[in-house]
Each structure stands twice: as structure tokens, then as C-alpha cells.
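Working notes, beginning with the structure itself.
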Amino acid sequence: MITDKVAKQETTYEQILTDLRKKAYHHVYFLMGEEPYYIDLLSDFIQNNVLDEAEKEFDLTILYGKDVDIITVINTAKRYPMMGKHQVVIVKEAQLIKEWDNLIHYLSNPLKSTILVFCYKYNTPDKRKKWFLEVLKVATVYESVKLRDYEVGAWITKYCKSKNVAIDEKAVAMLTDFLGTDLSKLVNELEKLVLTKSNDSQRITPDLVEKNIGISKDFNVFELQSALINKDVLKANRIIRYFSENKKANPMVLVLAQLFKFFSELMMYHYLPDKSQGAVASELRINPYFVKDYQKASQAFGAWKTMNIITYIRETDARYKGIDNPSTDEGDLMKELIFKILH
């Protein structure tokens with residue numbers, strides 16, 4: 001059944017998926033945004049579930065923005081289904097379509113039997129354009145927003161919970177540091193971990209991550225931060241030596257970025273009026289589990305020292321990029337940085 005309900009831009013992924021599972025379809029879906037993961041999930045669900053296998057042979061059309069213009073899309077959408085109640089037209093790479101104005105005419109009277117899906121990835125259209133204002137009135141519009149760094153840990157935990165699996169906080173930190181905000185990569189690796197865990201365990205541990213993802217549980221940025229907080233000179237130097245010997249797995253630019261982020265947040269922590277766990281987690285946008293690291297780090301590094309460390313990291317980053325540094329290699333730059341931080 002296709003509903004004439006007018007969609008709102010704040011429509012969520014969960015709301016759209018719930019309607020699709022109930023077979024409450026809309027005439028037009030406009031899926032857009034920087035994060036392609038949810039766009040792919042929704043378009044794949046429509047592609048795989050609205051029509052049965054026999055109907056797909058005749059009434060499913062996949063178009064690509066690089067190969068078509070909006071007139072071709074409209075003409076395709078105006079065809080009637082041959083086998084069942086619905087025709088499904090999915091336009092992938094829709095962000096590559098140049099001229100959209102003619103879509104206005106179709107939106108004024110969309111064919112009731114067609115489900116037209118636009119997948120506009122990695123960006124959003126100019127929301128002031130007349131054609132897009134019409135899209136907002138007629139279509140189910142979903143914007144897939146890229147996760148921010150501080151949201152990744154909670155997302156990983158929530159995803160694991162949806163699979164009825166728990167995950168250790170250290171394992172979350174390892175995956176966050178290694179994979180960043182790319183949801184497709186995160187899902188691929190999490191699925192791998194769910195499949196490879198032992199049948200008698202419902203928990204993803206750092207050991208499981210190390211064994212199956214290739215991230216060392218002992219030699220990573222998370223452990224380097226821990227060594228610095230505890231002023232463990234030996235452990236810190238072992239880790240940076242490991243980094244210098246495994247540059248592909250531990251690129252210096254990412255190590256410096258993570259250290260800069262941590263010490264910048266530590267600087268903020270120093271000046272928070274309320275240093276309770278909940279207040280710190282809220283202000284720094286971190287998992288409450290990690291608040292203890294900032295509490296301990298603040299005792300090891302005062303505000304003045306923290307400010308100096310941020311300067312050291314900036315200088316090291318500049319030298320890594322060749323500024324005032326004709327010859328020093330990555331390993332020596334990191335050794336020098338760690339020495340300055342700890343002494």
C-alpha cells in the first residue's frame with residue numbers, strides 16, 4: 001500500500017524502516033547526506049523487499065546519476081507496473097544529476113503505483129532551491145548525518161546491543177581509534193567479531209579485537225594515552241617504537257590527531273566548574289567510563305603543562321609535514337614528543 005502521507009524532513013531512519021516493514025510505502029523517497037551507510041540500508045531494503053522475485057524481473061529499475069538526466073528518471077517513473085501493484089525505481093548516485101527543475105512537474109502528480117527512491121550521497125542539495133522545497137512537501141526525506149568522533153563509542157555499544165552482544169569499553173576504544181567514523185567499516189568489523197566470538201560468550205573483548213581485526217590491544221593510541229597519564233616512560237617508549245615499526249597500522253598523523261584531541265579536552269577539563277562524572281561526560285561529550293582518565297591526567301599534567309603539551313603536538317605535526325625539519329624521521333619525532341610530554 002502506498003500512502004499519501006506528507007513526510008517531514010526530521011523523519012528518522014527507524015521511522016522509515018518501520019513503515020517499510022508494515023508495507024506502508026510512499027510515492028517518493030529522497031535519501032541524502034554525508035553518511036552513506038543508512039542511505040544504502042534503506043535503499044537496499046526497498047530493493048530487496050517491496051517486490052517478489054518474479055516482479056523484480058519486470059518492475060524494478062536501477063538507474064545511476066552519472067548515466068541519466070532527470071527527464072529519463074521521470075519517464076521511467078511514469079511507467080505502470082507489469083506484474084504487481086508497484087513499480088520500484090531507485091536512482092543511485094543521484095548527487096551526480098545536474099538539472100533537477102523538471103522534477104517539480106512530476107512531484108505535482110506522482111504516479112500512484114511507482115515508488116521512486118533517490119540516493120543522494122555524501123552531501124545535500126541546496127535546500128533553498130525550488131525543486132527541493134517541492135521535494136520536502138511531497139517526499140519522505142531522510143538526511144543521514146555523519147557521526148561525530150565523540151558519538152562513535154556509543155554507536156558501537158548500541159549496535160552490539162542490537163546483536164545481543166556486550167562489548168568491553170577498551171574494545172570500544174580500540175575500534176574507535178582504529179576505524180574512526182566510517183560506519184560501513186565499523187559494521188563490517190563488528191559483524192566479523194560477532195561471528196568469530198566463541199559460542200559460550202556474549203561479549204566482545206580486547207583480545208577478540210586484537211585477534212580478528214589486527215589492532216594490538218597493547219600497542220595502540222588508547223594504551224599510549226594510558227602510559228602518558230601514568231607517566232610510564234618504559235611503556236610509552238615501547239608503544240612508539242612499535243608504531244615506528246608498523247607505520248601503516250599506526251600512521252603518525254592519526255596518532256598526533258588523537259593525542260591533540262585528548263590534551264585539548266584535558267585543557268577544557270581543567271577549567272570546568274563542575275568536575276562530577278556526569279558533568280564532565282556531558283561537557284566533553286565522552287563516555288562516562290573515560291572520565292576517570294581525565295581526572296587522573298589532570299593530576300599528572302596541570303593546566304600550564306597541558307597547554308605546553310598542545311604546543312609540542314602542534315610543533316611535531318608541523319615538523320612531520322616538513323616545516324623546519326629536513327631530515328628527522330617519524331620515530332625520532334615521536335620519541336622527542338613523548339620525552340617533552342613526560343619530562
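Overview of values
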item	result
Segment 163-259: chymotrypsin sites (Phe, Trp or Tyr not before Pro) falling in loop per DSSP and having at most 16 other Cβ within 10 Å	none
Approximate spin-label separation Thr328-Lys231, in nm, with each point projected 7 Å along Cα-to-Cβ	2.4
Extent along principal axes [Cα atoms of segment 10-97; Å; largest to smallest]	33, 31, 19
For segment 71-116, the spread of Cα positions along each principal axis, largest first, Å	32, 22, 12
Nearby aspartates and glutamates by direct alpha-carbon distance to Lys321 (threshold 18 angstrom, same-chain neighbours under 8 apart not counted)	Asp329, Glu330, Asp332, Glu336
Theoretical ellipticity at 222 nm over the chain - DSSP helices of four or more residues, -39500 (n - 2.57) apiece, nearest 500	-17000 deg cm²/dmol
Fraction in percent of alpha-carbon pairs per bin - 5 Å, segment 203-274	3, 15, 22, 22, 19, 11, 6, 3, 1
Value of Rg/Rh across segment 187-343 [Cα atoms, Kirkwood radius]	1.01
DSSP H segments from the chain that extend 24 Å or more along their own axis, Cα-based, with Kyte-Doolittle mean of 0.0 or above	252-270
Solution diffusion estimate, µm²/s, Stokes-Einstein, segment 110-149, Kirkwood Rh from C-alpha pairs, 10 °C, viscosity 1.306 mPa s	131
Where only alpha carbons of the chain are counted, the Rg and the Dmax (Å)	25.2, 76
Equivalent ellipsoid dimensions for segment 109-220 as semi-axes, Å, which come from the Cα gyration tensor, largest first	39, 17, 11
Within segment 237-268, backbone nitrogen closer than 15 Å to the virtual label 7 Å beyond the Cα of Ala279 toward Cβ	268
Gyration tensor over alpha-carbon atoms, segment 63-171, equivalent ellipsoid semi-axes in Å	35, 18, 13
All-pairs alpha carbon distance profile, segment 245-331, 5 Å steps from 0, percent	3, 13, 21, 19, 16, 13, 9, 5, 2, 0
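Bear in mind that the values in this text are calculations on the coordinates, not laboratory data. This structure is a prediction, so every number in the text was calculated from the model and none was measured. Because the Cβ atoms are built from the backbone with ideal geometry, glycine has one as well, and the counts that use them run over all protein chains shown.
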